[in-house]
Amino acid sequence: MDAHSTWKPLVITPADIGAEAAPDALVGHLRGLDDLGDLLVAEKALVFRGFRVSPAELDDVMDLLLPNRLAYVHGNSPRTKVGRNVYTSTEYPPAYTISMHNEMSYAHQWPSRLLFFCDRAAATGGATPVVDGALWLESLDAEVRAAFADGVRYAQHLHGGKGFGKSWQDTFETDDRADVEAFLGDTGATYEWTRDGALRVSQVRPSTAVHPVTGTEVWFNQADQWHAAGLGDETAAALHRIMPEKDLPQSVAFADGSPIPARYITQVRDRGLAAAVDVDWRTGDLLLIDNMLVGHGRRPFTGHRRVLVAMSD
């Protein structure tokens, strides 16, 4: 088997570094590292387990792992902001799987690092699956890779405060249209305001990306999450009965505007999940990932799981 097919995150425990099981020990270890970036690129994902980190110590740890914490501006997932650019992980109902994706791969700019913190583990399930992006790309049929070669066109319909999906105010963390226009003006996206105060945004992005350090090409788009077929046949049919595609909160097509076949979408979704490795959470765990080299998702769960996320460039 090749290196991609045997990959899994590196787990670091107090015993691995000869330290006590305490947040201060993790902070001290991180301060002593001069090659965290190199380590993350080499391993793609790091799990810090057994250091008994609580929300009270989280900022100290985050400041070392995320050198420039970013706001979730133009993010499409439902989240709640709970701290200084710290958010709840995606707030989809616990019964559903969240398919593999790289955070904000649809956007003009995306975070290079993501950090997840388990404030409360689920009663059952709730793992965060992570997938090697190169393996995901290799797992797809040649027909699918060729079809996506020119990229994808993402479209958003963001209501003005009342409607289906996210509002443009929540998406851009502002209620000032000028701020939104200034942001979008630097992205290459096209946009228009509708008569009812909603915002339509369209942008063409690549389907793959090349990591700036390793030179590795990875699958790097969210077509399966933006396409109705990625939600399942019944859900897709229900959405199209309710509203036309242009009014869906988000939709996707090939770069030239032609539709993406549903069978391509389900292949991308299913093979990403099949190639993933589960990170099973314990309360106090942290997971740091290179957001280009690794995609992530969520398994279904029961109980009151609470995982926080922050990101950095």
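Each reported figure results from applying straightforward, stated rules to the coordinates on display, with no laboratory input. Quantities reported herein were computed from a predicted structural model and do not represent experimental measurements. Virtual Cβ from ideal backbone geometry, glycine too; neighbours counted across all protein chains shown.
Here the relative contact order of the range 26-174, from alpha carbon pairs under 8 Å that lie six or more residues apart, stands at 21 percent.
Legend: Rg and Dmax of the range 1-123, from Cα coordinates, 15.8, 43 Å. Evaluate E = 1/(1 + (r/R0)^6) for ARG177 and ARG52, where r is the Cβ-Cβ distance and R0 equals 41 Å; express this FRET efficiency to the nearest 0.05. Efficiency for this residue pair is about 0.35.
According to the Kirkwood relation over distinct C-alpha pairs, the hydrodynamic radius of the chain is 20.3 Å. Distances between placed amide hydrogens fall under 5 Å for GLY83 paired with no residue 5 or more residues away or on another chain.
Within the same chain, lysines fewer than 8 places from LYS8 are excluded, and of the rest, those with a Cα less than 18 Å from its Cα are LYS44. The coefficient of translational diffusion for the range 140-271, derived via Stokes-Einstein from the alpha carbon Kirkwood radius under 10 °C and 1.306 mPa s, stands at 99 µm²/s.
Spin-label model, ARG120/PHE164: points 7 Å from Cα along the beta carbon direction are separated by 3.2 nm. Across the chain, where is the longest run that never hits trypsin sites (Lys or Arg not before Pro) in a DSSP loop with at most 12 other C-beta atoms within 10 Å? It runs 196-281. Working note: Karplus 6.51/-1.76/1.60 with θ = phi - 60° gives the range 82-91 the couplings 10, x, 6, 6, 10, 9, 5, 5, 3, 9 Hz, where Gly and Pro are set to x.
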